[in-house]
Amino acid sequence: GKKLGYTFSHGNLHNVSLGQGQEVVAEQALDRAAKEGHWVILQNIHLVARWLSSLEKKLEQHSEGSHRDFRVFISAEPAPCPESHVIPQGILENSIKITSEAPTGMHANLHKALDNFSQDTLEMCSQEKEFRSILFALCYFHAVVAERRKFGPQGWNRSYPFSAGDLTISVSVLYNYLQASSKVPYDDLRYLVGEIMYGGHITDDWDRRLCKTYLEEFIRPEMLEGELCLAPGFPLPGNMDYDGYHQYIDDALPPESPHLYGLHPNAEIGFLTQRSEQLLRTVLELQPRDGSVGEGGVGTREETVQALLEEMLEKLTDEFNMAELMAKVEERTPYAVVALQECERMNALTAEIRRSLAELELGLRGELTMTSDMENLQNSLFLDTVPESWVKRSYPSTASLGSWFADLLARISELEAWTRDFSLPSTLWLGGFFNPQSILTAIMQTTARKNKWPLDKMTLQCDVTKKSREDFASAPREGAYVHGLFMEGARWDAQTGVITDARLKELTPAMPVVFLRAIPADKQDTRAVYPCPVYKTRQRGPTYVWTFNLKTKENPSKWVLAGVALLLQ
């Protein structure tokens, strides 16, 4: 506007925020502006999808014969999915489009965090050195928590809407505290920022622990002695002016890498792999589905599905005979109850697999009319993904259909072996359960009954052995041996018996067999341990199972920032 020599007054700039019946106001503004050469700003047009075709007509109408200074600016939020692409093609083709992308990488995010302040901000506090140091640390903290999202569940279990407002209000709190007291109240600051300003968004306990740990690392007395590094090779800067801080970021911040977030370089491999898989899956789903494609298109698609379907029906074993199993159980111990529950859930799943495959087979032969459910099943089989109706009765899994089915057969044979005489297997495959919590609770119940201890005063002690499952011939006298655990974010060093740095490109190294037994909660040793969450899959979040305390020589905060967890798949 300034470049065109255009001066704005209240009368010649019409700013309309859409939604709540503002469409009429917008139309009147457009008519008046077109006649008198005003500017119109229409905000949030994604909220009025139905009105957009009228807007398109209105703009077409005014494209001829209107005042030469007439301009229209339109803004909309990005659409979350293709179905929400509501802006008419006509408007898109006739406009100059600008998108505002959030900055990526620590470098851009740290500059952007600092941009919320100015030289005046840095000069406003009487305790200048303390205020500036903590302000810069808060900017780094803000950039880290915002950008850590890109590492998926290893970054944060859930994604949170941290905003610039969280940072500016934290700095106001810092200012008020420092003006009121000569001592820096580190604990209060960490609590307010970590539990309220940022923590207010956080809904997951492990994410809350992560947020708290960052603040314990960044905001502490050592920061004023110049002994604090915000990341390896990036010391907290001393007292500088505003431009000096921007310059320091350009000069001193190491190049973008997971190290800047306290993560292992493997975290990047994981997140790039998932991105490529997503892209390839999308490409696969875009393939034409009708049969008229190329030579023998229809034959191959249906033949592929038919062959897979026959193979699955052939390999799927009979359902467990629950009446027979019940009769075989002499005493309903906690372990026997778990085994029976698992068999029942397995029956529900295999029955659905058998039913849906048999139905699709009749449909492919032309003996039944194809329904949308049958078509979805056919598409899943063809695209190697687990069908919806199976997922509903199943357990969380990130596998493709082929691996998922092989895994299912392995789970069935484990259950068959266990229910032959219901004696506890020498080592339990923890990942093979629909409900792994139930078996862990059963370990505690069994010990509690035996020793007459109250269940709520007990906890699981987790000892990592040096052996693999082949080395165990029988179950332990008390507790259980479990196998099939993997570590993400670090690895277990069997020689020294502690967590240690992962090797490059080994994303989820297998754990040795773990010996679990129940002990009174007040007897457990919490020194030099990292409380490690156990999840069913790499999606983490809602697949949480239990917490195992693992021994560590290094500070446990290192493993918190690295997002170290145990996985059952």
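The values are calculated or read from the model by the stated rules, or taken from the named source; none is laboratory data. Bear in mind that the values here come from a model prediction, so they are computed numbers and not experimental data. When we count neighbours, we look across all protein chains shown, and the Cβ atoms used for this are built from the backbone with ideal geometry, even at glycine. The accessibility values were calculated without ligands, DNA or RNA, using every heavy atom of the protein model including side chains. Shrake-Rupley method; radii C 1.70, N 1.55, O 1.52, S 1.80 Å.
The table for this structure:
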{"read-out": "Residue among Phe434, Phe405 that is open to solvent by less than 40 Å² (accessible area, probe 1.4 Å), hydrophobic (A, V, I, L, M, F, W, C), modelled with pLDDT of 95 or more and in a loop (DSSP other than H, G, I, E, B)", "value": "Phe434"}
{"read-out": "Those strands (runs of 3 or more DSSP E) lying entirely in segment 457-560 with at least 3 residues hydrophobic (A, V, I, L, M, F, W, C)", "value": "458-464, 514-520, 529-535, 544-551"}
{"read-out": "Set Arg477, Arg469, Arg449: member being open to solvent by 30 Å² or more (accessible area, probe 1.4 Å), touching a Gly at 6+ places or on another chain (Cβ under 9 Å) and more than 30 Å from Ser557 (Cα to Cα)", "value": "Arg469"}
{"read-out": "Residues of segment 501-546 classified as out of contact with any helix residue (DSSP H, G or I) (no Cβ under 6 Å at 6 or more places or on another chain), hydroxyl-bearing (Ser, Thr, Tyr) and in contact (Cβ under 8 Å) with a residue 40 or more places away in the chain, total", "value": "3"}
{"read-out": "Positions within segment 377-402 being under 16 Å from Arg281 (Cα atoms) and either in contact with a Ser or Thr (Cβ under 9 Å, 6 or more places away or on another chain) or aliphatic (A, V, I, L, M) (or both), in sequence order", "value": "Asn379, Leu381, Phe382, Leu383, Asp384, Thr385, Val386, Pro387, Thr398, Ala399, Ser400, Leu401"}
{"read-out": "Subset of segment 541-569 [modelled with pLDDT under 95 and either open to solvent by less than 10 Å² (accessible area, probe 1.4 Å) or acidic (Asp, Glu) (or both)]", "value": "Gly541"}
{"read-out": "Selection from segment 252-286 of residues that are farther than 23 Å from Ala108 by Cβ and exposed (fewer than 11 other Cβ atoms within 10 Å of the Cβ)", "value": "Ser276, Gln278, Leu279, Leu280, Thr282, Val283, Leu286"}
{"read-out": "Filter result for Glu60 (without any contact (Cβ under 8 Å) to a residue 60 or more places away in the chain and not in a loop (DSSP other than H, G, I, E, B))", "value": "yes"}
{"read-out": "Boolean, Glu367 is over 30 Å from Lys551 (Cα atoms), surrounded by fewer than 16 Cβ atoms within 10 Å (Cβ to Cβ), over 28 Å from the mean Cα position of the chain (by Cα) and in contact (Cβ under 8 Å) with a residue 24 or more places away in the chain", "value": "no"}
{"read-out": "Residue that is farthest from His259 (Cα to Cα) [pool: residues in segment 136-146 that are open to solvent by less than 10 Å² (accessible area, probe 1.4 Å) and in contact with a Phe, Trp or Tyr (Cβ under 7 Å, 6 or more places away or on another chain)]", "value": "Phe136"}
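Condition check ((1) open to solvent by 20 Å² or more (accessible area, probe 1.4 Å); (2) not aliphatic (A, V, I, L, M)) across all residues:
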site	(1), (2)
Arg301	yes, yes
Gln306	yes, yes
Glu310	yes, yes
Met326	yes, no
Tyr335	yes, yes
Glu344	yes, yes
Ser356	no, yes
Leu360	no, no
